[in-house]
Amino acid sequence: MHPSDIQTYNEVALGVNAPIYAYYADRIVARTGVTSGGCLDIGCGGGYLGLALAGITDLDLVFLDQSPAMLACAEENIVRFGCRTRARTLLGRVQAIPLGEGSVDLAISRGSLPFWDDLAAAFGEIRRVLRPGGHAYVGGGLGDPATRAELERQRNRLHPEWGAKNRRPPQRADREYIDALQSAGIDLFRIDRGDDGLWITFRREAA
Ligand SMILES: C[S@@+](CC[C@H](N)C(=O)[O-])C[C@H]1O[C@@H](n2cnc3c(N)ncnc32)[C@H](O)[C@@H]1O
């Protein structure tokens, strides 16, 4: 993204779109029950989902992105949210996560999945860095329908240029996800396509 686009993205994410991240942070805690240990936010952008999760848990956060500019933005937000002592950024791609095996309890990602090529490598890496029994919660969406409609109204008023610059990336069929998950050795997973987006969840099998 161009620096001025990152600035607008950040403004929207911290302002009008903030309830989206709070919504998914609540969902992640409700679904996984993970509230302490280490969490990896993949394709974190400015770190919005991980920071929302930090606000309601005791998790320590690692923010991974392939873009140094997005990580610089995440650094600023980590300080802004008072999370300096429990968060760090990490430059890298989901297809080769620069972390050791079994090093996180929870892997989360929002809005980055559609951009991942080599999905099997991506899921294999997520599985590798999870500790046995650890949870993955990755996908994308704009929250529940009611909040989404309200946010879209506000965003069109405050940032009319937003829609044109942030078109939805092409969507994949479930078959592609299923094939990639299975070739990464993940046999138990869920793919939920609902009112609040597309979300893939799985656990690394216990040792
Ligand atoms: C639309 S932004 C989403 C940012 C943030 N997670 C959010 O929900 O607002 C997608 C992010 O994924 C990152 N990304 C795309 N492909 C990636 C990959 N293969 N590995 C790591 N990060 C990636 C981009 O650099 C970008 O910051």
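The values are calculated or read from the model by the stated rules, or taken from the named source; none is laboratory data. Not measured: the values here are computed from a predicted model. In this analysis, Cβ positions are derived from the backbone assuming ideal geometry, glycine residues included, and neighbour counts consider all displayed protein chains. Heavy atoms of the whole protein, side chains included, go into the accessibility calculation; ligands, DNA and RNA do not. Shrake-Rupley method; radii C 1.70, N 1.55, O 1.52, S 1.80 Å.
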Step by step: first the residues of segment 33-49, then only those that are crowded, with 24+ Cβ neighbours inside 10 Å and among the aliphatic types (A, V, I, L, M), then the one that is farthest from M70 (Cα to Cα). Which residue is that?
L40
Kindly indicate the residue of segment 11-24 that is within 11 Å of the ligand (Cβ to nearest atom) and more than 9 Å from Y48 (Cβ to Cβ) and also modelled with the highest pLDDT among those meeting that condition.
Y24
Taking the options L113, L119, L91, name whichever one is within 16 Å of G50 (Cα to Cα), modelled with pLDDT of 95 or more, touching a Leu at 6+ places or on another chain (Cβ under 9 Å) and open to solvent by less than 20 Å² (accessible area, probe 1.4 Å).
L113
With respect to L64, is the statement that it is closer than 24 Å to R190 by Cβ, under 14 Å from the mean Cα position of the chain (by Cα) and in a strand (DSSP E or B) true?
yes
Would you confirm whether any residue within segment 93-108 is among the polar types (S, T, N, Q) and part of a strand (DSSP E or B)?
no
Collect the residues in segment 112-155 that are more than 10 Å from the ligand (Cβ to nearest atom), more than 20 Å from A25 (Cα to Cα) and not in a helix (DSSP H, G or I), keeping them in residue-number order.
R131, P132
Looking for whichever is modelled with pLDDT of 95 or more, within 13 Å of the ligand (Cβ to nearest atom) and open to solvent by 60 Å² or more (accessible area, probe 1.4 Å) here; the options are A30, A52, A96, A72. Which one fits?
A96
Kindly indicate which of D144, D192 is open to solvent by 40 Å² or more (accessible area, probe 1.4 Å) and at pLDDT below 95.
D144
Take the conditions modelled with pLDDT of 95 or more and either under 16 Å from the mean Cα position of the chain (by Cα) or surrounded by fewer than 16 Cβ atoms within 10 Å (Cβ to Cβ) (or both) and apply them to A136. Does it pass?
yes
Quick one: in segment 1-10, which of the residues that are exposed (fewer than 15 other Cβ atoms within 10 Å of the Cβ) and assigned to a helix (DSSP H, G or I) is farthest from the ligand (Cβ to nearest atom)?
S4
For W116, the lone unmet condition from (1) within 13 Å of R172 (Cβ to Cβ); (2) out of contact with any strand residue (DSSP E or B) (no Cβ under 9 Å at 6 or more places or on another chain) is (2)
Considering every residue within segment 36-56, establish whether at least one is more than 17 Å from the chain's Cα centre (by Cα), farther than 24 Å from A146 by Cα and part of a helix (DSSP H, G or I).
no
